[in-house]
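Enquirer: Just passing along the structure, written as structure tokens.
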Amino acid sequence: MSSFTESETLKRVKPSPTLAVTAKARELARQGKKVISLGAGEPDFDTPENICDAAIKAIKRGETRYTDVDGILELKQAIVDKFKRENGLEYKTSQVHVAPGGKPVIYNAMMASLNPGDEVIVPAPYWVSYPDMVLLAGGTPVVAIGEMETGFKLRPETLEAAITPKTKWLILNSPSNPSGAAYTADELRALGEVLKRHPQVWVLTDDMYEHILYDGFQYATIAQVVPELYDRTLTMNGVSKAYSMTGWRIGYCAGPEGLIKAMGKIESQSTSNPCSIAQWAAVEALNGPQDFIPQRAAVFQKRRDLVVAMLNNAKGVTCPTPDGAFYVYPSIAGCIGKQAPSGKIIDSDETFASELLQTEEVAVVHGAAFGLSPFFRISYATSEAVLTEACSRIQRFCASLK
């Protein structure tokens with residue numbers, strides 16, 4: 001009997017570290033451990049009732065068959081209306097692509113556009129899947145560091161230095177997973193000035209956390225503030241975070257018709273259409289009441305303030321205050337080189353996360369997974385009581401390091 005051998009393409013990538021942390025936490029919980037998992041990136045709120053009702057009505061209407069490969073016209077029109085209403089961006093339905101989640105949107109774009117040797121600039125800290133999707137599509141990820149001192153944001157000079165004749169894409173995520181950093185309109189304009197000098201570089205802007213912002217932060221997306229980049233920008237979003245619909249799996253984007261058509265071709269031979277029922281729910285999400293969104297953002301802001309304050313009281317930890325999303329990305333530079341209760345030396349953020357899980361049963365994702373060390377990521381999309389207990393355990397663990 002022959003044994004299975006992975007393809008050379010698959011050997012280039014690694015499994016998602018965030019999913020691995022969640023799986024490890026679940027395994028320990030099954031063993032009876034009182035694990036607090038702060039790894040999952042999804043809101044703990046329920047999907048709003050009007051959206052669920054729209055899905056039920058769609059089922060009863062018999063909307064349970066195949067749809068157009070990259071989305072029903074009603075959803076594409078809702079997306080066109082959303083971009084005009086909220087972002088001042090004009091698109092036609094022929095410029096819209098719908099996929100079963102935000103991740104397939106990015107994957108379809110990379111698969112449709114990259115050739116071997118093409119480079120994609122990925123600012124770090126980055127969402128764990130960006131570099132691996134580039135690799136799967138045959139491209140080469142080029143990591144450009146956004147330092148903690150500059151708010152984890154890509155500076156124009158750093159972008160300029162990363163661009164080569166082989167650069168095909170820049171991926172921008174604002175607010176960011178994992179840092180929560182968001183770009184102001186002026187910061188986007190400064191990056192746009194660089195990009196205007198390099199017409200071969202396209203921009204994929206991942207706006208998935210657009211509506212989870214704090215302290216009155218004014219949101220902007222790059223095609224909106226640098227209209228000269230409109231013809232080479234793919235503006236991506238989805239219903240997962242703002243509408244608490246992670247499991248419904250609907251992501252969407254708008255961009256140049258040629259790229260959108262090519263992405264549809266990829267989808268036609270891979271996933272085929274997104275779930276028909278979820279699409280009708282997404283129509284209601286985008287067209288229906290939006291008043292609950294700032295209310296939920298205010299809850300997240302209270303949690304953010306709690307977590308930032310408690311982590312900054314943990315010995316050896318420095319936790320910046322994020323602009324949005326529901327993550328913090330604290331530095332553990334002050335913990336490196338110290339000894340854990342097990343006797344192990346904390347020589348990396350991965351060791352820190354592992355020892356924290358074993359000692360205090362708190363699951364976090366280590367910073368190396370996001371391309372910038374020594375940090376770790378916490379998702380504060382859970383109750384204040386759980387966050388208080390988790391941060392108390394982290395404080396206790398850090399105090400125990402010698």
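Enquirer: Considering only residues that are free of Cβ contacts under 8 Å to residues at least 60 places away in the same chain, open to solvent by less than 30 Å² (accessible area, probe 1.4 Å) and touching a Gly at 6+ places or on another chain (Cβ under 6 Å), which ones fall in the range 98-117?
Expert: Listed by number, the list holds a single entry, 114.
Enquirer: Let me ask something else. For the range 1-39, how many residues are charged (D, E, K, R), in a loop (DSSP other than H, G, I, E, B) and touching a Ser or Thr at 6+ places or on another chain (Cβ under 9 Å)?
Expert: Qualifying residue count, the range 1-39: 0.
Enquirer: Tell me the residue from 40, 58 that is more than 25 Å from residue 382 (Cβ to Cβ), surrounded by 17 or more Cβ atoms within 10 Å (Cβ to Cβ), of a type in the set (A, V, I, L, M, F, W, C) and touching a residue at least 40 places away in the same chain (Cβ under 8 Å), please.
Expert: Checking each option against the conditions leaves just 58.
Enquirer: Let me ask something additional. Just to check your reading of the model, which residue among 351, 359 is in contact (Cβ under 8 Å) with a residue 24 or more places away in the chain and either open to solvent by 10 Å² or more (accessible area, probe 1.4 Å) or under 23 Å from residue 28 (Cβ atoms) (or both)?
Expert: 359
Enquirer: Sticking with this structure for a sec: Note down all Cβ pairs under 6 Å where the first residue falls in the range 270-284 and is touching a residue at least 12 places away in the same chain (Cβ under 8 Å) and assigned to a helix (DSSP H, G or I), the second is open to solvent by 30 Å² or more (accessible area, probe 1.4 Å) and acidic (Asp, Glu), and they're at least six residues apart or on different chains.
Expert: Between residues of the range 270-284 that are touching a residue at least 12 places away in the same chain (Cβ under 8 Å) and assigned to a helix (DSSP H, G or I) and residues that are open to solvent by 30 Å² or more (accessible area, probe 1.4 Å) and acidic (Asp, Glu), the close pairs are 276/63; 280/63; 283/74.
Enquirer: Hey, another quick one. So, in the range 362-371, of the ones that are assigned to a strand (DSSP E or B) and out of contact with any Gly (no Cβ under 9 Å at 6 or more places or on another chain), which residue ends up most open to solvent (accessible area, probe 1.4 Å)?
Expert: Of everything passing the filter in the range 362-371, 366 is most open to solvent (accessible area, probe 1.4 Å).
Enquirer: Which one of the conditions (1) open to solvent by 10 Å² or more (accessible area, probe 1.4 Å); (2) within 24 Å of residue 106 (Cβ to Cβ); (3) more than 21 Å from the chain's Cα centre (by Cα) does residue 281 fail to meet, given that it meets all the rest?
Expert: (1)
Enquirer: Given the condition open to solvent by 50 Å² or more (accessible area, probe 1.4 Å) and of a type in the set (D, E, K, R), answer yes or no: does some residue in the range 295-305 qualify?
Expert: Checked against the condition, which is being open to solvent by 50 Å² or more (accessible area, probe 1.4 Å) and of a type in the set (D, E, K, R), the range 295-305 yields at least one hit.
Enquirer: Ok, one more. Residue check, residue 308 against (1) touching a residue at least 24 places away in the same chain (Cβ under 8 Å); (2) closer than 23 Å to residue 177 by Cα; (3) of a type in the set (Val, Ile, Thr), all met but one. Which one?
Expert: (1)
The values are calculated or read from the model by the stated rules, or taken from the named source; none is laboratory data. The shown structure was predicted, so the numbers you read here are calculated from the model rather than taken from an experiment. Positions of Cβ are backbone-derived with ideal geometry, glycine not excepted, and every protein chain shown enters the neighbour counts. These accessible areas exclude ligands, DNA and RNA; they are computed on the full protein's heavy atoms, side chains included. Shrake-Rupley method; radii C 1.70, N 1.55, O 1.52, S 1.80 Å.
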